[in-house]
Amino acid sequence: MNNRNLIRFDWAIKRLLRNKADFSVLEGFLSELLRDDILIQTILESESNQRYESDKFNRVDMLVKNSKGELVIIEIQNQNEYDYFHRMAYGTSKVITDYISVGEPYRNIKKVYAINIVYFDLGQGDDYVYHGKTDFYGIHTSGKLSLSDKQVEILGKSEPFQIFPEYYVLKVNQFNDVAKDSLDQWIYYFKNNEIKDEFNAKGIAKAKELWRVDNLNEEELRNYHHHIENLRYQASMAWTMQIDAEDRAKKQKAMEIAKGMKHENLDPSLIIKLTGLTQEEINLL
């Protein structure tokens, strides 16, 4: 299958989750990532009311509730954002407070999973899938803090981390394109917009069947092409800004070198030859 025949995952989950068949695609991915059989009960929030991806600066947010009553945030970020970890923390905090009513006991707080699929180099690390959860360890004994027997009985939890939000970060661009397991097959799709015939991860065959460009109606196809062009434009702008920054740094370094040469009374023609600066630029030093 040609790559162009499949719809990008970010646009598909934003615009195409209309029925249970589409739900099965997302359920498959979540099941592979969370290593559990995930069933989506309902979509609570999404950006489907936004006409174009650029309306939210290339960001996709989706909040779903699974059959266990747990909340799952799915966010896809295409552009670099240095405070992205802060936004992850804000997102889970907001969902927790939004989905508990005034006067409800704290035990009714929903379990939240935050799935963050990023197409930029977030932080430093050599893996492409990261999982974060909350555990407590003694600073003197290094022993792990557990729930009491009574808490286990009345809360239905066995560990404290089951109460707190959990975070997953998928650094798509760091994936080496070798699909070693079923989760890798999904990440391969995210990165390459392609699903190979031999892929057998949960839900991925449905994605290949349903999320085809030629299944889109005329308006959807127009909006999808606009989305793709917007991604290309933003990538081009980011590349241009990087090149400009590098050129400015080189120019600044050349100016500093030329200033030192001028201070040593070197011949201006030699300074021009060694630094690449113009006579006018050297005169301004």
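Just one residue in the set Ala249, Ala238 is loosely packed, with under 15 Cβ neighbours inside 10 Å, part of a helix (DSSP H, G or I) and touching a residue at least 60 places away in the same chain (Cβ under 8 Å); that residue is Ala238.
The single residue among Asn192, Asn230 that is at pLDDT 90 or above, surrounded by 11 or more Cβ atoms within 10 Å (Cβ to Cβ) and within 30 Å of Tyr130 (Cα to Cα) turns out to be Asn192. For Glu219, the test of being acidic (Asp, Glu) and closer than 25 Å to Val72 by Cα is failed. Taking segment 81-118 as the range and being within 24 Å of Ala238 (Cβ to Cβ) and of a type in the set (Lys, Arg) as the test, only Arg87 passes. For segment 30-39: of the residues being within 19 Å of Gly132 (Cβ to Cβ) and within 20 Å of the chain's Cα centre (by Cα), which is surrounded by the fewest Cβ atoms within 10 Å (Cβ to Cβ)? Among those that are within 19 Å of Gly132 (Cβ to Cβ) and within 20 Å of the chain's Cα centre (by Cα), it is Arg35. Identify, please: which residue in segment 197-211 is surrounded by 14 or more Cβ atoms within 10 Å (Cβ to Cβ) and more than 22 Å from the chain's Cα centre (by Cα) and is, among those, farthest from Ala179 (Cα to Cα)? Once the filter is applied, the top-ranked residue is Leu210. Going through (1) touching a helix residue (DSSP H, G or I) at 6+ places or on another chain (Cβ under 6 Å); (2) under 24 Å from Ile115 (Cα atoms); (3) of a type outside the set (Gly, Ala, Ser) one by one, Val178 falls short only on (1).
The one condition from (1) farther than 22 Å from Asn5 by Cα; (2) assigned to a helix (DSSP H, G or I) that Leu221 does not meet is (1). The number of residues in segment 90-100 that are exposed (fewer than 14 other Cβ atoms within 10 Å of the Cβ) and either within 19 Å of Phe161 (Cβ to Cβ) or outside the structural domain of Gly69 (by TED's automatic domain parsing) (or both) comes to 1.
Hey, can you tell me all the residues within segment 151-168 that are in contact (Cβ under 8 Å) with a residue 60 or more places away in the chain and not in a loop (DSSP other than H, G, I, E, B)? Across segment 151-168, the qualifying residues are Tyr167, Tyr168.
On the stretch given as segment 174-189, residues that are over 13 Å from Phe29 (Cβ atoms) and surrounded by 12 or more Cβ atoms within 10 Å (Cβ to Cβ) total 3. Screening segment 101-128 for residues that are over 19 Å from Phe161 (Cα atoms) and of a type in the set (A, V, I, L, M, F, W, C) and picking the one that is surrounded by the most Cβ atoms within 10 Å (Cβ to Cβ) gives Ile117.
Looking only at residues in segment 8-28 that are basic (Lys, Arg) and in contact (Cβ under 8 Å) with a residue 24 or more places away in the chain, the one that is nearest to Glu220 (Cα to Cα) is Arg15.
The values are calculated or read from the model by the stated rules, or taken from the named source; none is laboratory data. From a predicted model like this one, the values you see are computed outputs, not experimental measurements. Glycine gets a Cβ as well: all are built from the backbone with ideal geometry, and neighbour counts include every protein chain shown.
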